[in-house]
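The values are calculated or read from the model by the stated rules, or taken from the named source; none is laboratory data. These figures come from a predicted structure and were not determined experimentally. For neighbour counting, all protein chains shown are included, and Cβ atoms are generated from backbone atoms with ideal geometry for every residue, glycine included.
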Amino acid sequence: MLDREKQFVIPAVERDFFMIIESMVHQDQNIQHEGNGLFKSLRLRPECLANLKDVSKIIFIGSSATGKSHIQRAVISASNSDGLLSGKIIVPRRIVTRPLRPDDGKEIIHRSSEELKLMASNGMLGLYGIKTMEDGRTELFGLEKPEAGKLPIFFANNVIVKKPQNIQPKSLFEQAFIIGMYTPDDQREIRLRQRSPELFQGNASEAKFRLSEEESSRIVIPISHVIVKNFGNFESMVERDVIKLLQLVVLSREKKLLTEITDGQLKNHYIVLRHGKSVANAEGLIMSQPNKEQDIFGITSEGEDQIRLAAYVARNSGIKIDTIITSPLKRCTDSASNFAQAYGFYGEIKTRSELRERDFGIFDGRPSINYRTVYSADQDSPRGSIAYRAETPGNVLKRVTSLITEIEETNKGKTILLVTHADVGEITQAGLHGLPPETHRFFIHKLRNGQLRAMA
């Protein structure tokens with residue numbers, strides 16, 4: 001399923017949605033993410049995200065005490081309540097022939113070996129196989145057949161990847177997205193002793209087997225597309241990050257990757273330039289409303305340098321700018337004029353109110369830490385920000401969409417530079433990829449001062 005990692009054609013211009021996600025990848029599990037802090041608890045292979053739209057199933061694997069059951073319950077809950085996942089995913093129950101354990105939840109049911117074999121022969125299982133236990137005996141297990149039309153999310157034991165010859169169907173791994181749960185083995189032992197003390201008191205051989213090198217949590221690292229780092233400070237992030245990743249897969253499978261403006265047939269190429277570092281940025285203030293005070297909040301000398309660098313990159317990358325349109329706020333008009341001069345653009349710079357900053361309501365003129373409050377409200381509800389008299393992401397997208405629609409009606413084959421603000425650029429990009437605009441802080445990499453980014 002996986003292609004090799006794509007390379008940036010123009011390093012300073014992020015070309016599309018998946019490359020933006022890929023830019024957040026870190027190979028060292030201890031490295032913290034930059035930007036919006038997305039997926040801190042996940043370690044992603046860059047090449048695995050290119051073909052999410054082709055995923056037909058998701059398989060979670062992991063050793064004992066890595067947190068599979070906890071995540072499974074969270075995913076089941078999200079499948080019933082999350083606006084992006086509800087009705088689109090399904091978590092088949094696990095069927096075991098062993099006696100049920102005290103910590104087994106409703107997601108695990110018991111059947112006899114004969115009953116399970118009969119279910120398999122009648123096509124009632126989506127996955128079934130044989131697991132070899134610590135004393136050499138074998139256990140049959142299976143997962144219920146998922147409902148047609150929904151993305152199945154299987155939670156399985158490592159045996160399915162360690163001994164795939166013992167697993168049916170043989171096509172299980174075709175178009176599969178494998179997520180491995182990882183917890184250091186010493187921490188697994190602590191969890192297992194807390195969760196299942198009876199193992200160490202009455203079944204020491206099974207406890208030893210679960211903690212053996214053969215059952216090490218490290219098994220999942222080379223065979224998974226995504227590693228869930230469920231330990232230490234990451235534990236508090238895992239549930240959120242996993243749900244967001246599943247949302248990404250679902251959105252991709254629905255092929256919501258192109259704008260609804262023209263049914264995915266944009267006639268022009270759009271590049272966003274975020275303004276250079278402004279006086280308001282330097283002072284840590286939110287200045288979002290286009291009033292007279294904005295006249296004193298232009299860009300700093302550092303911001304001018306950022307814009308000149310962006311112009312240099314664009315010019316030397318062979319990007320031909322046909323039109324420049326800017327937000328009316330001074331930090332953007334300053335940036336547009338500086339860019340034009342450094343780039344060698346001699347045409348008219350147009351000013352359009354549709355590109356103005358998102359209105360942050362009662363927080364305008366107040367410290368920038370208040371951004372967090374609005375973004376949190378966005379995640380609670382598409383219109384959650386109106387509690388602070390702030391503009392909703394949906395409204396931002398609506399006004400920018402109206403501008404792009406207008407451009408599309410009168411132009412073809414042009415490269416349009418839109419000089420605007422971080423939220424406006426990120427929300428627009430989310431919309432152009434069919435993502436709910438209020439999710440821009442999760443799915444879209446932060447637009448930095450003076451950064452160019454291809455929109456579509």
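Of the residues making up the range 348-367, those that are farther than 17 Å from T405 by Cβ and part of a loop (DSSP other than H, G, I, E, B) are E348, R356, E357, R358, D359, F360, D364, G365, R366. Within the range 115-131, restricting attention to residues that are out of contact with any Ser or Thr (no Cβ under 9 Å at 6 or more places or on another chain) and over 23 Å from F60 (Cα atoms), the residue that is surrounded by the most Cβ atoms within 10 Å (Cβ to Cβ) is K117.
Here the condition is being in contact with a helix residue (DSSP H, G or I) (Cβ under 6 Å, 6 or more places away or on another chain), at pLDDT 85 or above and surrounded by fewer than 15 Cβ atoms within 10 Å (Cβ to Cβ); of K277, K267, K320, K255, it holds for K267 alone.
If you take the residues in the range 392-419 that are touching a residue at least 60 places away in the same chain (Cβ under 8 Å) and assigned to a loop (DSSP other than H, G, I, E, B), which one is surrounded by the most Cβ atoms within 10 Å (Cβ to Cβ)?
We begin by selecting, within the range 392-419, every residue touching a residue at least 60 places away in the same chain (Cβ under 8 Å); these are 401, 403-405, 407-408, 411-419.
Then drop every residue that is not assigned to a loop (DSSP other than H, G, I, E, B), which leaves 411-414.
Working: N411: 13, K412: 10, G413: 8, K414: 16.
Per the criteria, the residue is K414.
Residues of the range 88-126 that are modelled with pLDDT of 90 or more and closer than 30 Å to F442 by Cα: K88, I89, I90, V91, P92, R93. The residues of the range 173-200 that are out of contact with any strand residue (DSSP E or B) (no Cβ under 6 Å at 6 or more places or on another chain) and either closer than 15 Å to K57 by Cα or not in a helix (DSSP H, G or I) (or both), listed by number, are F173, E174, Q175, T183, P184, S196. Is it true that T420 is modelled with pLDDT of 95 or more and of a type in the set (S, T, Y)? Answer is yes for this residue.
Of the residues making up the range 423-455, those that are of a type in the set (V, I, T) and buried (at least 24 other Cβ atoms within 10 Å of the Cβ) are V424, I427, T428, I444. Out of K57, K68, K150, one residue alone is closer than 27 Å to L211 by Cα, among the charged types (D, E, K, R) and under 27 Å from the mean Cα position of the chain (by Cα). It is K68. Criterion first (surrounded by 16 or more Cβ atoms within 10 Å (Cβ to Cβ), in the same structural domain as L417 (by TED's automatic domain parsing), closer than 21 Å to E304 by Cα and not hydroxyl-bearing (S, T, Y)) does A340 satisfy it? Considered against the rule, which asks whether it is surrounded by 16 or more Cβ atoms within 10 Å (Cβ to Cβ), in the same structural domain as L417 (by TED's automatic domain parsing), closer than 21 Å to E304 by Cα and not hydroxyl-bearing (S, T, Y), A340 comes out as yes. Look at the range 299-327: where a residue is in the same structural domain as G276 (by TED's automatic domain parsing) and a partner is of a type in the set (V, I, T) and in a helix (DSSP H, G or I), sitting 6+ places away or on another chain with Cβ atoms under 7 Å, you get T300/V279; T326/T333.
With the range 121-165 as the region, which strands (runs of 3 or more DSSP E) entirely inside it contain at least 1 residues that are among the acidic types (D, E) and under 13 Å from I95 (Cα atoms)?
Per the criteria, 138-144.
Answer yes or no: is there a residue in the range 374-391 that is modelled with pLDDT of 90 or more, closer than 17 Å to I271 by Cα and not in a loop (DSSP other than H, G, I, E, B). The answer is no, given that none of the residues of the range 374-391 is modelled with pLDDT of 90 or more, closer than 17 Å to I271 by Cα and not in a loop (DSSP other than H, G, I, E, B). Remark: S41 matches the filter, which requires a residue to be polar (S, T, N, Q), modelled with pLDDT of 70 or more, within 27 Å of H433 (Cα to Cα) and surrounded by 17 or more Cβ atoms within 10 Å (Cβ to Cβ).
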